[in-house]
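Some notes on the structure that comes next.
The values are calculated or read from the model by the stated rules, or taken from the named source; none is laboratory data. Keep in mind that this is a model prediction, so the values were computed, not measured. Don't worry about glycine lacking a Cβ; one is built from the backbone with ideal geometry, like all the others, and counts go over all protein chains shown.
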Amino acid sequence: MHRWSKQDREELLARNNDIRHEIAMKMYNRWKSMGDYDDAGGFVKGGLHLRMFSLHKLSPDRINNDRPHHIYNKLGNLNFVSSGINTQCNIVSLHGRKTCAFLRERSKKPITEFEIQIILEREKKNHAKYDGKRKMNIVYCSCAHAYYKDGHLYFKSLDEMFIYVYDLLVKQRAICLVTEFLMDEHAGTKRTKGVRLFQPSLNAKIPRLGHRPGNLEWVCAFVNAADRDKNNDIQDGVPTGWVKPIFKSYSGI
């Protein structure tokens, strides 16, 4: 809210329950009117879900992140998208309805051995210099975040975990296991909004097992969505996280 205008903040605080109910009904009716494609151009057979733990749960994504979701109590600042694509990378805010078209174009980008080796050489260190400034490398930062979250339960030290996950990056050849995109963005890459889309992000394949050996993989940051499988008590086959076939079906690749 610190980025909102005084008028936007006052409008939010002035809302009563009747207005909130009215907004909720507008959102429900908009959801009911949608078909098999969300506002990012992603395909979800049967439409977005109203399931708490579903990968394709209805997720209202702000078009302008500097303003509230419901400007003037309307839906004009919202894209209705799968929660799996609504991450801190803000990919839909950047590309809107052309998001999946953008991803399809990305899938055509050739991957060279030279690019792979540059990434692997750079990321085997915990820091590098960009524009004359020393910055922590993305792979190390992602590893450190996972280590302090729960990785310390499975690795003796951060250094031990980093050696393990860097070896995973080498085995994957710096290619995302979900999208098959090269994870070529790093600490020195210029960004516009949010986190860089194609930077490497350490993912626990089965969330309830944590960041432990045998349960880790590297994926592009924009598909490392919160997977709430460990809280899901309804085992009915509805996906809770990205895997390659689901991503390809959603994006049309």
Residue that is modelled with the highest pLDDT [pool: residues in the range 228-253 that are touching a Phe, Trp or Tyr at 6+ places or on another chain (Cβ under 8 Å) and under 19 Å from LEU50 (Cβ atoms)] | TYR250
Determine whether the range 235-250 contains at least one residue that is within 25 Å of LYS45 (Cα to Cα), touching a Gly at 6+ places or on another chain (Cβ under 6 Å) and assigned to a helix (DSSP H, G or I).
-> yes
Condition test on PHE162, is it at pLDDT 95 or above, part of a helix (DSSP H, G or I) and over 19 Å from the mean Cα position of the chain (by Cα)?
-> yes
From the list GLN172, GLN235, GLN199, which residue is outside the structural domain of ILE116 (by TED's automatic domain parsing) and more than 24 Å from TYR37 (Cβ to Cβ)?
-> GLN235
If only one of GLY84, GLY35, GLY46 is out of contact with any helix residue (DSSP H, G or I) (no Cβ under 9 Å at 6 or more places or on another chain), part of a loop (DSSP other than H, G, I, E, B) and at negative phi, which one is it?
-> GLY35
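Table: residues versus (1) under 30 Å from TYR250 (Cβ atoms); (2) at pLDDT below 95.
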site: GLU115; (1), (2): yes, no
site: LYS133; (1), (2): no, yes
site: CYS143; (1), (2): yes, no
site: TYR148; (1), (2): no, no
site: LEU158; (1), (2): no, no
site: LEU168; (1), (2): yes, no
site: LYS171; (1), (2): yes, no
site: LEU177; (1), (2): yes, no
Filter result for ASN65 (at pLDDT below 95, under 20 Å from the mean Cα position of the chain (by Cα) and either surrounded by fewer than 18 Cβ atoms within 10 Å (Cβ to Cβ) or among the hydroxyl-bearing types (Ser, Thr, Tyr) (or both)) | yes
Unmet criterion (only one of (1) free of Cβ contacts under 8 Å to residues at least 60 places away in the same chain; (2) assigned to a helix (DSSP H, G or I); (3) of a type outside the set (Val, Ile, Thr)) for LEU94 | (1)
Identify, by number, the condition in (1) of a type in the set (Val, Ile, Thr); (2) under 24 Å from the mean Cα position of the chain (by Cα); (3) at pLDDT 95 or above that THR87 doesn't meet.
-> (3)
Flag if VAL165 is out of contact with any helix residue (DSSP H, G or I) (no Cβ under 9 Å at 6 or more places or on another chain), in the same structural domain as LYS133 (by TED's automatic domain parsing) and within 17 Å of TYR140 (Cα to Cα) = no
Filter the range 127-176 down to residues that are of a type in the set (Asp, Glu) and touching a residue at least 12 places away in the same chain (Cβ under 8 Å), then give me how many there are.
-> 2
